[in-house]
Amino acid sequence: MSSPTATRRPFLGLDEKKRFMLALIAPAVFALVFFQIVPIFTGANASFRDWALHDPKRTWVGLKNYLYVLRDPEFLFVVLPNTFGFMAASVGCSLGLGLALALLLNRKFRGRWLVQTVILLPLMVAPVIAAIMIRWMFNDQFGIVNVVLDLFGLAPVAWLTQRWTAFLAILITDVWLWTPWFTLLLLAGLQSLPPEPFEAAQIDAATPWRVFRHITLPMLRPVMVVCIVIRSIDAFRTFDIVWTISGGGPARATEVFSIYAYVEAFQFLNFGRGSAAAVIGAFIIVFFAMGLYRILNRWVEVSK
Amino acid sequence: MDWKLTALRRTATAAAVAAAVAVGFAADAGAQQRELKVGYQKHPIQDASLDMMEKWAKANNVKLTRIPMAYSVFMEKVTATLTSGAGDQFDIIWHNDDWGQLWEKWLEPTDDVAGIGNVDKWPLDAFWSADRKLTVVPMAHTVGTFFYRSDLLKPEEVPKTFAELVATGQRLQKEGKVKWGYVGGMAMNNTWFSFWWTMWANNCDILKPLFERDNAKLKAANFEPAITEPCHREIVEYWWDAINTHKISPPGMTAYTRNEANAIFMAGDAAFTLVDSTHFGEFNDPRRSKIVGKVAMAPFPVGPRAQKPTSWNEIWGWGIPKGISAERKKLAKEALAFMLGDEEGQMEMWKKTGGPPPNVRLWDKIAAQDADFRMLKNAVFDQKPVTHSAYYFAEWPAVHKAYSDAVIAAMSGKREDIGKVMQDNVEKIRRAATGN
């Protein structure tokens, strides 16, 4: 007599093992489809429609929302330059500092574990909390930053009232939050490098700078490329820090892409236009990331 | 592999049984106790208003569930809830005059709530639906109030004009009594506490015709901004001078929200501020303020183009989503009616929070026994002309932002460029108003 399992007919031509595997991944697929894929298509659909959040008529308007965004001088000449400027400055500074810290932590010294723990602390702080703290730290009346300036005999600065000082406050926050991330990954990269080239350089009495310039850096490039690409994409969509510290101000001077999309969709309640901005941003970042990856990949190839 | 499938099946069966049992229990509990869910902002005034409804709820075996939401996302979240078919997520929601035009078609008429006849009619202008039905039940008045330090100035010394505000502020600064003369919010969504009160007090407005709030008339005038009018340029120049020339206001003020301005005032560093009266309780909270018992109210100082102090008078209220069942609508209206009729609770709310009660028939009674309320009444409610502190068309949030960007840009540049910056922004404001 055969067992009940053996006589069961295959469902969709799948055997038991495959069905079991499907059952295991089903919750993840469900979450992905309903919380990622469907909202993306809903947003993309809304971008072609007259979709005011308070009065969603949902009538088809074609490319009207896209044309509005692409013709908006604020989007082209303020928002996009701010976004890419922020991305370049943040990724550049975090990478430089992260690499320096990784090199430091790759050496043996007393209290290394303590330094390591302290350096990683910002990773445990939610960006919005960090941004609230930074906003008060840069307050011209109560902020610690002006107190420090005062100790050095410098005049207090109204940080958030001018474009570049406000931008600097945002940048400092972002670099503070993300440098540990670079440190962590680059340190892992450093510790996985083969020791032979370093031993050979030691025998040749190469200076530390030459070792770093000609051995460490080229061998670390693949890790750096991954870090740069991932972080650049993430920096492009930065929202919470900018929103909390400057709100995109003064007078839109620090507005970045995600603030633009948010304000259109949720402050002006024009969900269609906000969605169009988001879709445009998605295309920009996809093409930018592909281009960046190709350039950096070539850099890695050259270094080989 | 069999045991795995069996385990999966058993788990699924157990989950289904548990869910069925839970639903059964929930249904049973629901039959015993009804529930009203309230979406609101955690604020002493709103909590005080809910405390009144709580009394009714307890007496009627209703569970009042408070669902707090952050101010910064409240309007967006509730709008999405109302329009997405999930309108039954809340039975009562906090409602504000700025949102009246956005939510009017999604909210239940409230004309039939008992006690609605006892509220001030002026602030209700923002809350009528297209078919002239009221969509709000007032919770408290939120009125812009000019606060001064009563330990530094006698009532007769309080500035009555913009020029006196500068002179008095500078005098107190020179005497070392305060660090700043005036402090108030200026950044986006805090425009009322600097630009706008002086704008109205200088007989000016944002759009033409000045002080018009009829959308049809504003549209007929093509939403023409008034920001290049002399009356408007004067107020931007006034604030530019206050910060850069007279130095009665902090240099960082263009980036201040009301929180930062209030922090400076409550630290005892400023002589004057203007903010919603609802902050009076905070100013007198010894856990947060150094100026407890040293704050008084006065009418707005007036600008060169006005003769009398102006004021604005709006409300916070409660709305009922149309999407909920008839039974819950009835319950919600009963709760709100109880709140409107709870004289003791409303007087308690005033004493605890500084929120003027919605029932205007109580005002004289409170004024007779409370000096602070007399002061507020004189500073705001007795002043005419009165204006609305917002416009009530759907694109208003975009106009507000475009306006704020324009004046902040003007404040960030040179004084001689103010006129040009304002001119450059006329089209942006009009574009925001027309949605093009």
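The values are calculated or read from the model by the stated rules, or taken from the named source; none is laboratory data. Remember, predicted model here, so these are calculated numbers, not experimental data. Don't worry about glycine lacking a Cβ; one is built from the backbone with ideal geometry, like all the others, and counts go over all protein chains shown. Just the protein is used for accessible areas: all its heavy atoms, side chains included, with ligands, DNA and RNA removed. Shrake-Rupley method; radii C 1.70, N 1.55, O 1.52, S 1.80 Å.
Tabulated results
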quantity: Selected residue (only one of A:ARG210, A:ARG231, A:ARG252 is within 13 Å of another protein chain (Cβ to nearest Cβ), out of contact with any strand residue (DSSP E or B) (no Cβ under 6 Å at 6 or more places or on another chain) and at pLDDT 90 or above); calculated: A:ARG252
quantity: When residues of the stretch A:255-269 are limited to those that are open to solvent by less than 20 Å² (accessible area, probe 1.4 Å) and within 11 Å of another protein chain (Cβ to nearest Cβ), the one nearest to B:ALA394 (Cα to Cα); calculated: A:LEU269
quantity: Residue check for B:MET253: farther than 26 Å from B:MET375 by Cα, touching a helix residue (DSSP H, G or I) at 6+ places or on another chain (Cβ under 7 Å) and open to solvent by less than 30 Å² (accessible area, probe 1.4 Å); calculated: yes
quantity: Tally of residues being of a type in the set (A, V, I, L, M) and surrounded by fewer than 16 Cβ atoms within 10 Å (Cβ to Cβ) across the stretch B:191-240; calculated: 3
quantity: Condition check for B:ASN244: surrounded by 18 or more Cβ atoms within 10 Å (Cβ to Cβ) and of a type outside the set (Phe, Trp, Tyr); calculated: no
quantity: Residue in the stretch B:383-401 that is part of a helix (DSSP H, G or I) and more than 30 Å from B:ALA140 (Cα to Cα) present; calculated: no
quantity: Which numbered condition B:LYS42 fails, given (1) surrounded by fewer than 17 Cβ atoms within 10 Å (Cβ to Cβ); (2) within 14 Å of chain A (Cβ to nearest Cβ); (3) modelled with pLDDT of 90 or more; calculated: (2)
quantity: Of all residues making up the stretch B:411-436, the number that are part of a loop (DSSP other than H, G, I, E, B) and away from chain A (no Cβ under 11 Å); calculated: 1
quantity: Single unsatisfied condition, A:THR83 versus (1) open to solvent by 80 Å² or more (accessible area, probe 1.4 Å); (2) closer than 27 Å to A:LEU185 by Cα; calculated: (1)
quantity: Filtered residue count, the stretch B:207-247, keeping only those that are within 14 Å of another protein chain (Cβ to nearest Cβ) and assigned to a loop (DSSP other than H, G, I, E, B); calculated: 2
quantity: Check on B:ARG430, more than 24 Å from B:GLY100 (Cβ to Cβ) and either modelled with pLDDT of 90 or more or assigned by TED's automatic domain parsing to the domain that holds B:PRO230 (or both); calculated: no
quantity: Some residue of the stretch B:354-364 being free of Cβ contacts under 8 Å to residues at least 60 places away in the same chain and surrounded by fewer than 15 Cβ atoms within 10 Å (Cβ to Cβ); calculated: yes
quantity: Tally, over the stretch A:60-75, of residues that are away from every other protein chain (no Cβ under 14 Å) and open to solvent by 60 Å² or more (accessible area, probe 1.4 Å); calculated: 3
quantity: Failed condition for B:PRO321, given (1) away from chain A (no Cβ under 14 Å); (2) farther than 26 Å from A:GLY247 by Cα; (3) in contact (Cβ under 8 Å) with a residue 40 or more places away in the chain; calculated: (1)
quantity: The stretch A:178-200, residues that are among the small types (Gly, Ala, Ser) and open to solvent by less than 10 Å² (accessible area, probe 1.4 Å); calculated: A:GLY189
quantity: Selection within the stretch B:294-310 - at pLDDT 95 or above and either touching a Lys or Arg at 6+ places or on another chain (Cβ under 9 Å) or closer than 13 Å to B:PHE147 by Cβ (or both); calculated: B:LYS294, B:VAL295, B:ALA296, B:MET297, B:ALA298, B:PRO299, B:PHE300, B:PRO301, B:VAL302
quantity: Qualifying residue in the stretch B:125-132 (condition: touching a helix residue (DSSP H, G or I) at 6+ places or on another chain (Cβ under 8 Å), within 14 Å of chain A (Cβ to nearest Cβ) and open to solvent by 20 Å² or more (accessible area, probe 1.4 Å)); calculated: yes
quantity: Tabulated pairs, the stretch B:58-80, first away from chain A (no Cβ under 14 Å), second of a type in the set (D, E, K, R) and outside any strand (DSSP E or B), C-beta under 7 angstrom, 6+ apart or interchain; calculated: B:LEU64/B:GLU54; B:PRO68/B:LYS42
quantity: Residue count, the stretch B:133-161 (criterion: open to solvent by 20 Å² or more (accessible area, probe 1.4 Å) and hydroxyl-bearing (Ser, Thr, Tyr)); calculated: 2
quantity: Residue under evaluation B:THR273, criteria (1) within 14 Å of chain A (Cβ to nearest Cβ); (2) assigned to a helix (DSSP H, G or I); (3) within 30 Å of B:ASP125 (Cβ to Cβ); (4) open to solvent by less than 40 Å² (accessible area, probe 1.4 Å), criterion not met; calculated: (2)
quantity: Among residues of the stretch B:162-190, those that are open to solvent by 20 Å² or more (accessible area, probe 1.4 Å) and among the aromatic types (Phe, Trp, Tyr), counted; calculated: 1
quantity: Hits in the stretch A:129-177 - residues which are farther than 21 Å from A:ILE119 by Cα, small (Gly, Ala, Ser) and open to solvent by less than 40 Å² (accessible area, probe 1.4 Å); calculated: A:GLY143, A:ALA158, A:ALA166
quantity: Residue in the stretch A:170-190 that is free of Cβ contacts under 8 Å to residues at least 60 places away in the same chain and out of contact with any helix residue (DSSP H, G or I) (no Cβ under 8 Å at 6 or more places or on another chain) present; calculated: no
quantity: Residue count for the stretch A:223-251, restricted to those that are open to solvent by less than 60 Å² (accessible area, probe 1.4 Å) and assigned to a helix (DSSP H, G or I); calculated: 16
quantity: Unique match (being modelled with pLDDT under 90, farther than 14 Å from B:VAL136 by Cα and of a type outside the set (Ser, Thr, Tyr)) among B:GLN89, B:GLN101; calculated: B:GLN89
quantity: Filter result for the condition that a residue is more than 8 Å from chain A (Cβ to nearest Cβ), crowded, with 17+ Cβ neighbours inside 10 Å, out of contact with any Cys (no Cβ under 8 Å at 6 or more places or on another chain) and in contact (Cβ under 8 Å) with a residue 24 or more places away in the chain, over B:ALA406, B:ALA398, B:ALA390; calculated: B:ALA390
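Yes or no, residue by residue, for (1) free of Cβ contacts under 8 Å to residues at least 24 places away in the same chain; (2) aliphatic (A, V, I, L, M):
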{"residue": "A:THR238", "(1), (2)": "no, no"}
{"residue": "A:ILE245", "(1), (2)": "no, yes"}
{"residue": "A:ALA276", "(1), (2)": "no, yes"}
{"residue": "A:ALA282", "(1), (2)": "yes, yes"}
{"residue": "A:PHE287", "(1), (2)": "yes, no"}
{"residue": "A:LEU292", "(1), (2)": "no, yes"}
{"residue": "A:ASN297", "(1), (2)": "no, no"}
